[in-house]
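The values are calculated or read from the model by the stated rules, or taken from the named source; none is laboratory data. Note that the structure is predicted; figures quoted are calculated from it, not measured. Note that we place each Cβ from the backbone using ideal geometry, even for glycine, and neighbour counts take in every protein chain shown.
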Amino acid sequence: MKGENNEINTFIMVWLSAVASLCYCYAIGKIIPKGFTRLLAIFPVIFIFLILPFNLHAINFVGPTSFFLVWLANFKLLLFAFGKGPLSSYRNLSLQTFIALACFPIKIQHHQSSQNLQKTPLKTSKSPQKHAVKFLLLAFFLLIYNNKQNFHPDIMLFMYCIYLYLSLELTLLLGGALARTLIGIELEPQFAEPYLSTSLQDFWGRRWNLMVSDILRPTVYNPVRFISSRVIGAKWARVPAVLATFLVSGLMHELLFYYFGRAKPRWDVTCFFLLHGLCLAAEMAGKGALKDKWRLPRVVSGPLVVAFVAVTGSRLFIPALLRNEVDVKARREYIAFIEFLNIETEFRHLLDV
């Protein structure tokens, strides 16, 4: 119990440090013009965000903290240093909104102007029934996990893919709900039903974890494509841009997994993203050669894409999570939390008696 309280206190201190650092960045944006001078002033915060997750050990704390701060916030701050990205998209951005945009996986809907950011009424989820079904599916997976010895290992690997998607989407949903409550503005969805994808381009560019796509596009894809167009021409510039984007995504995932288990990477996660980058580049080249005159029907392309993502994910991505015992640690933390709630309930009952 004492160790759990210490972890919670550390988690609070980590996020208080993050908020204080973002207050500093907000002030820097007011007094230092965009460019390398602002980047130098913000760089210590980027370094601090890289260090903060090492103070945590609980998977349910390390995961969101490393993803929100090390990846999203740091990339947003890099853009902010040069007057780009979500932190520079609105005039007179309040400190509260600046902090929320920096450290949460959220994006303000395009139709909102800088004048009405604080005036948009709160809106609930457009599909609460779908979210309820996903919570039930997540609970169903936990039942299967408790009896995983009765299932074939390949089936369990596929189930882990489903679990990863559900847990990630629901975690980002809760983070978005918290940010919406704090700043009171309408936000873009983080996922767009990726299981309905009809191509890899559709999956990675328009449906899966859209906050990451929106960050990688201006920080990696656009600069590499611009430079490549000068070297190899505009026709082929998208290929190195796509590969560079997926390489950076793979390296960032390796870093996040390192926070989970503090173990040296085996680079299978990077291989997963490079494989998808190569296949996506080939898909784009094929579409360009055919000029969209011929395409597979949706009923064929859709299952093929989902199956390809699931199979490659279960062979290259999921094993890295299992090596770090993310599932075991997460389950242990869930049980400890439930036991803590039971103890609290019994203690209150004794007080009432």
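Please verify whether the range 150-161 includes one or more residues that are surrounded by 17 or more Cβ atoms within 10 Å (Cβ to Cβ) and under 16 Å from the mean Cα position of the chain (by Cα). Scanning the range 150-161, I find at least one residue that is surrounded by 17 or more Cβ atoms within 10 Å (Cβ to Cβ) and under 16 Å from the mean Cα position of the chain (by Cα), so the answer is yes.
What pairs come up if the first residue lies in the range 194-211 and is closer than 17 Å to Gly176 by Cβ, the second is in a loop (DSSP other than H, G, I, E, B) and modelled with pLDDT of 90 or more, and their beta carbons are under 6 Å apart, counting only those six or more places apart or on different chains? Matching pairs, first to second residue: Pro194/Trp208; Arg207/Ser197. Taking the range 1-47 as the range and being surrounded by 12 or more Cβ atoms within 10 Å (Cβ to Cβ), closer than 16 Å to Ser88 by Cα and in contact (Cβ under 8 Å) with a residue 40 or more places away in the chain as the test, the residues that pass are Leu22, Cys23, Cys25, Tyr26, Gly29, Lys34, Arg38, Leu39.
Checked against the criterion of being within 22 Å of Leu274 (Cβ to Cβ), within 18 Å of the chain's Cα centre (by Cα) and of a type in the set (Lys, Arg), the range 231-238 contains not a single residue that satisfies it. When we screen Leu178, Leu174, Leu196 for residues that are within 15 Å of the chain's Cα centre (by Cα) and either hydrophobic (A, V, I, L, M, F, W, C) or modelled with pLDDT of 90 or more (or both), the only hit is Leu174. Surrounded by 17 or more Cβ atoms within 10 Å (Cβ to Cβ) and part of a helix (DSSP H, G or I): does that describe Leu50? So Leu50 fails the test.
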